[in-house]
1. Applying the selection to region 36-55, what residues are under 17 Å from V267 (Cα atoms) and either open to solvent by less than 40 Å² (accessible area, probe 1.4 Å) or at pLDDT below 90 (or both)?
2. Only one of T104, T122 is touching a Pro at 6+ places or on another chain (Cβ under 8 Å) and of a type outside the set (A, V, I, L, M, F, W, C). Can you tell me which?
3. Would you be able to say whether some residue in region 191-207 is among the β-branched types (V, I, T) and modelled with pLDDT under 85?
4. Restricting attention to region 92-111, which residues are open to solvent by less than 10 Å² (accessible area, probe 1.4 Å) and within 23 Å of L63 (Cα to Cα)?
5. Based on what the data block shows, is F160 in a loop (DSSP other than H, G, I, E, B), modelled with pLDDT under 75 and of a type in the set (F, W, Y)?
6. Of these, T8, T21, T71, which one is modelled with pLDDT under 85, more than 23 Å from the chain's Cα centre (by Cα) and among the hydroxyl-bearing types (S, T, Y)?
Amino acid sequence: MSHNSSATTLSRPVISTKTSTGIWWGLLGVFAFSFTVPLTRVAVEGMSPLFIGAGRAVVAALLAALALGLTRQRFPRGRQWFRLAVVAGGIVAGFPLLTTFALTSTSASHGAVVIALLPVATATIAVIRGRERPRPLFWILTAVGVVAALVFALVQSGGFGSLHWADLLLLGAVLAAAIGYAEGGLLARELGAWQTISWALVVASPVMIVLTLVSLGSGMPAASPVQWLCFAYLGVVSMFLGFFAWYHGLAIGPMAQVSQIQLVQPVMSIAWAGLLLGEPMTWTTVVGGLAVILCAGAAVRVRLNPPSKS
């Protein structure tokens, strides 16, 4: 059995130094990602969501192609191309585009709370991908976390009558990112951490270039220097460099433990939204965020601790 197989990871004690290294790399990636929602909220004030969502991927793809070419990386083989397409669909196209469109009509702190479902969504996809059979409590806590996020979204939308379209986009973004994270974490063990996101960006680049050109049909965005700086961060760090650390942490693993680091991301994002954007910290944001984070953390921990054998 290979050293990196999921069965090996679950059946043997995890070496503490290895786990610590993976967690620190994961934390660095999460810190980089925590600025994504607030800075996207700034950028959409001066640019179209399509330009931001697709253009940032084009910027990152150029850097990725340069890095792959200079280091003469071997090409992926066979089924790896399909798996890269899955990663690209989730984190290069799906998450950036859906969150950017959502943030045109909702606050960064609101978006951060809904996106707090990402850790449990990633753990769920990892369970399905790895054909695991977690305890029923895992699924119960997962359902409670989803309900908590939906209740929060409904309350902030003005009542229980309807779910705002922005919340549907955010939930779709969570699902897309979870698929991309889980598949990318596994693929990083075969291709390497930064190589995985780089190849995914290259795979998605033809579509992203076309979408960027479509967004420029009415001319270049009349954005401020600050908004262009935010766009640059989204392309260089959120879309590229942040994944170097994140996928490296997931590849070191254990993936389920490292993915728990995502639980601090919404807290950081809400803090940046308050500090950088001056968004108020309402009681619904605090309570909703805590409820989703606690449910997500409990669900992931239940998955990490299977029932003992008698």
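1. Correct list: T36, V37, P38, L39, T40.
2. Details: T122 fails: touching a Pro at 6+ places or on another chain (Cβ under 8 Å).
Checking each option against the conditions leaves just T104.
3. Looking for residues that are among the β-branched types (V, I, T) and modelled with pLDDT under 85, one finds none in region 191-207, hence no.
4. V92, P96, T99, T100
5. Values: in a loop (DSSP other than H, G, I, E, B): yes; modelled with pLDDT under 75: yes; of a type in the set (F, W, Y): yes.
Considered against the rule, which asks whether it is in a loop (DSSP other than H, G, I, E, B), modelled with pLDDT under 75 and of a type in the set (F, W, Y), F160 comes out as yes.
6. Matching residue, one of T8, T21, T71: T8.
So that you can scan it fast, the table gives a plain yes or no per residue for (1) at positive phi; (2) of a type in the set (A, V, I, L, M); (3) open to solvent by 40 Å² or more (accessible area, probe 1.4 Å); (4) modelled with pLDDT under 80:
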residue	(1), (2), (3), (4)
V113	no, yes, no, yes
R133	no, no, yes, yes
L141	no, yes, no, yes
V146	no, yes, yes, yes
V155	no, yes, yes, yes
H164	no, no, yes, yes
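The values are calculated or read from the model by the stated rules, or taken from the named source; none is laboratory data. All of these numbers come straight from a predicted model, not from anything done at the bench. Cβ: placed from backbone, ideal geometry, glycine included. Neighbour counts: every protein chain shown. Side chains are part of the model used for accessible areas, which takes the heavy atoms of the whole protein and leaves out ligands, DNA and RNA. Shrake-Rupley method; radii C 1.70, N 1.55, O 1.52, S 1.80 Å.
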